[in-house]
Amino acid sequence: MNYEKLFSQRVVHLRSSVIRQLLAVSKQPGIISFAGGLPNPKAFPVEDIREIVNKLMDENGPNTLQYGTTQGLEEFREEIARFVGHMGIETDAEQVLITVGSQQALDIVGKVFIDRGDVAIVGLPTYLGAINAFYAYGANMVGVPLDEHGMKVDVLEETIKKLKADGKRVKLIYTVPTFQNPAGVELSEERRKRMLELAMEHDILVVEDEPYSLLRFEGEPLKPLKHYDTEGYVVYLGTFSKILAPGFRLAYVIAPDSLSNKMEMAKQSMDLCTPPFTQHIAYHYIRNGYMKKHIPRIIEMYRRKRDIMLDAMDEHFPDGCSWTRPRGGMFLWAELPKHVSTVEMFDDAVKEKVAYVHGQAFHVDGGGTNAMRLNFTNASDDNIAEGIRRLAKVIKARL
Ligand SMILES: Cc1ncc(COP(=O)(O)O)c(C=O)c1O
């Protein structure tokens with residue numbers, strides 16, 4: 001059967017992601033991989049979960065195994081409304097939609113907002129999963145560069161004006177304000193406010209994706225854009241993947257009621273509901289204080305790993321390279337001298353048994369050719385130091 005002839009326009013242009021190929025290589029034995037975006041398995045609270053599951057099965061087994069509503073378990077949504085309240089987001093259970101990971105939320109955003117050719121403004125660089133989700137709906141993705149304070153809002157303004165003058169329909173700005181994946185930078189408070197102002201001025205939705213904001217190693221927390229949003233311009237995405245376990249596939253969207261309803265309808269045909277089983281567990285996890293105790297443990301582990309990576313880079317990376325020094329999250333971003341292609345260097349790195357993701361994968365404009373994303377959370381402490389030594393050797397050979 002030749003499926004190609006039958007494929008819909010929506011999928012015909014989808015290609016296997018470079019990341020999949022890179023990750024396959026980086027799983028070869030002996031490779032120290034900084035490529036994946038994985039939390040450290042030692043950060044998973046296995047015993048706590050065992051305790052909660054036993055309790056749930058004893059007290060309410062069949063209920064946790066039943067279908068649930070598309071919107072999500074009511075007591076869990078109430079708990080999430082309280083949880084985000086601590087971050088400065090005023091909301092209620094009606095505005096919370098539980099999703100199967102934030103990745104599903106991004107897909108729903110694409111489904112609800114993007115018609116072929118609509119513009120989605122993203123960072124240069126930006127999270128690859130968002131690029132893929134919006135691309136699948138035919139988005140025209142336009143990049144705006146970042147610096148150490150996040151997306152450059154002056155360039156954002158120029159970009160919006162130019163796009164509008166060219167008759168383009170700008171639907172949304174996608175941002176990961178805190179400890180951005182892949183760059184590890186934070187959008188400053190001033191820029192957060194300006195981004196929202198621009199969105200309001202030009203009637204554009206802001207998709208605020210925050211998987212990492214609670215993994216802060218130092219510095220004062222910044223308020224989410226959603227905190228300043230009185231008019232419903234911001235859709236906020238949170239997830240339990242990095243503070244509990246990605247295998248739960250649990251996340252949430254906070255959006256005004258009318259939009260939340262539309263998103264719920266879009267989700268209904270995807271999966272009917274997010275698994276109630278994991279929702280019940282996560283509900284108990286937050287409600288009974290496990291989460292509060294657990295996050296500091298993750299932070300301590302990841303801060304140490306970040307320090308090991310930065311120390312090793314300071315010691316071994318040659319002159320002419322620069323990198324971000326993230327104050328939280330899971331990634332840092334390194335730039336090599338302009339003439340060094342991290343795509344071409346990848347094979348050398350694999351021969352030296354170390355892996356990264358090249359910067360181009362995170363650029364919608366073909367840029368990032370001399371950059372790479374390094375994950376510092378997944379490898380063991382010893383392997384981080386050794387992996388950086390190997391990588392430095394590969395870079396020096398290229399120089
Ligand atoms: C910025 C960003 N958004 C969304 C996701 C998807 O997370 P989830 O596991 O909740 O689907 C990730 C995962 O790495 C991410 O980095």
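The values are calculated or read from the model by the stated rules, or taken from the named source; none is laboratory data. This is a predicted model, so every value here is computed, not measured. Here the Cβ positions follow ideal geometry from the backbone for every residue, glycine too, while neighbour counts run over all protein chains shown. Note: accessible area is taken over every heavy atom of the protein model, side chains too, but ligands, DNA and RNA are not part of it. Shrake-Rupley method; radii C 1.70, N 1.55, O 1.52, S 1.80 Å.
Worth a mention:
- Taking region 91-110 as the range and being more than 11 Å from the ligand (Cβ to nearest atom), in contact (Cβ under 8 Å) with a residue 60 or more places away in the chain and either outside the structural domain of residue 138 (by TED's automatic domain parsing) or among the acidic types (Asp, Glu) (or both) as the test, only 94 passes.
For (1) open to solvent by less than 10 Å² (accessible area, probe 1.4 Å); (2) among the hydroxyl-bearing types (Ser, Thr, Tyr), each residue gets a yes or a no:
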| residue | (1), (2) |
| --- | --- |
| 317 | no, no |
| 324 | no, yes |
| 334 | yes, no |
| 347 | no, no |
| 351 | no, no |
| 354 | yes, no |
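- Residue within region 251-270 that is in the same structural domain as residue 176 (by TED's automatic domain parsing), closer than 20 Å to residue 329 by Cβ and touching a residue at least 40 places away in the same chain (Cβ under 8 Å) present: yes
- Evaluation of residue 48 against (1) more than 30 Å from residue 130 (Cβ to Cβ); (2) open to solvent by less than 90 Å² (accessible area, probe 1.4 Å); (3) not in a helix (DSSP H, G or I); (4) not hydrophobic (A, V, I, L, M, F, W, C) (one fails), failing number: (3)
- Filtered residues of region 189-222 (kept if buried (at least 16 other Cβ atoms within 10 Å of the Cβ), assigned to a loop (DSSP other than H, G, I, E, B) and not β-branched (Val, Ile, Thr)): 210, 211, 212, 213, 214, 215, 217, 222
- Residue check for residue 133: away from the ligand (no atom under 15 Å from the Cβ), without any contact (Cβ under 8 Å) to a residue 40 or more places away in the chain and surrounded by 15 or more Cβ atoms within 10 Å (Cβ to Cβ): no
- Unique residue being part of a helix (DSSP H, G or I), buried (at least 20 other Cβ atoms within 10 Å of the Cβ) and away from the ligand (no atom under 15 Å from the Cβ) when the list is 227, 280: 280
- Some residue of region 379-391 being within 16 Å of the ligand (Cβ to nearest atom) and either open to solvent by 10 Å² or more (accessible area, probe 1.4 Å) or modelled with pLDDT of 95 or more (or both): no
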